[in-house]
1. Considering the stretch 38-68 alone, what residues qualify as being surrounded by fewer than 16 Cβ atoms within 10 Å (Cβ to Cβ) and in contact with a helix residue (DSSP H, G or I) (Cβ under 7 Å, 6 or more places away or on another chain)?
2. Which numbered condition in (1) among the small types (Gly, Ala, Ser); (2) at pLDDT below 95; (3) under 22 Å from HIS81 (Cβ atoms) is the only one that ALA12 fails?
3. Out of the stretch 1-22, which residues are surrounded by 10 or more Cβ atoms within 10 Å (Cβ to Cβ) and assigned to a helix (DSSP H, G or I)?
4. Just to verify a result, which residue in the stretch 23-37, among those that are loosely packed, with under 15 Cβ neighbours inside 10 Å and assigned to a loop (DSSP other than H, G, I, E, B), is nearest to the chain's Cα centre (by Cα)?
5. Residues ALA93, ALA88: which one is among the small types (Gly, Ala, Ser) and surrounded by 15 or more Cβ atoms within 10 Å (Cβ to Cβ)?
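The values are calculated or read from the model by the stated rules, or taken from the named source; none is laboratory data. Not measured: the values here are computed from a predicted model. A quick note on method: Cβ atoms are made from the backbone with ideal geometry, for glycine too, and the neighbour counts reach across all protein chains shown.
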Amino acid sequence: MTVLDTRALNRATLARQLLLDRADLSAHDAVAHLCGLQAQEPQEPFVGLWSRLRAFAPAALSDLLTGRRVVRIHLMRRTVHLVTAQDALAWRARHATMLRRQVLGVYRIELDGIDLDELAAAGRAGAGRRRAPIDGRGRPGACRTLADARPPGPG
């Protein structure tokens, strides 16, 4: 077995992350190879791929996003990542319990009295829409519909 010194290990890490040389990969293949890119801000994956790929075309990534072949999704530590749709389906189940616990910790008061399974079903039913309508309190329309029966709380 070969043991890498610190420099060789650093270079291997940079190469694996496509940061030593620009690669001849498609945007989809690069996202799959990297197992995702940070995407807290919508432009971050564009910059990340531009810096890694020789022939990166922003329109290609836009097409992947609108075609739902890659998605921005909360995964590890509630950070938004850009991953392939296939990876999102595989990994989301592994992170669901942790994400639900963190969301409930932050939004417990706002979600009080809302059936989360019903909310999820309403979200899935409206999945074809580009954006959910927003009510006067800044909540998605599905939340507004489910909360209509209860009086407004603080906030």
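1. GLN38, PRO58, ALA60, ARG68
2. Condition not satisfied by ALA12: (3).
3. Hits for the stretch 1-22 are ALA8, LEU9, ASN10, ARG11, ALA12, THR13, LEU14, ALA15, ARG16.
4. Checked the stretch 23-37; the qualifying residue nearest to the chain's Cα centre (by Cα) is CYS35.
5. Checking each option against the conditions leaves just ALA88.
Per-residue answers, yes or no, for (1) farther than 20 Å from LEU89 by Cβ; (2) of a type in the set (Phe, Trp, Tyr):
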residue: ASP24; (1), (2): yes, no
residue: ALA27; (1), (2): no, no
residue: GLN40; (1), (2): yes, no
residue: PHE46; (1), (2): yes, yes
residue: SER51; (1), (2): yes, no
residue: ALA57; (1), (2): yes, no
residue: LEU64; (1), (2): no, no
residue: ARG72; (1), (2): no, no
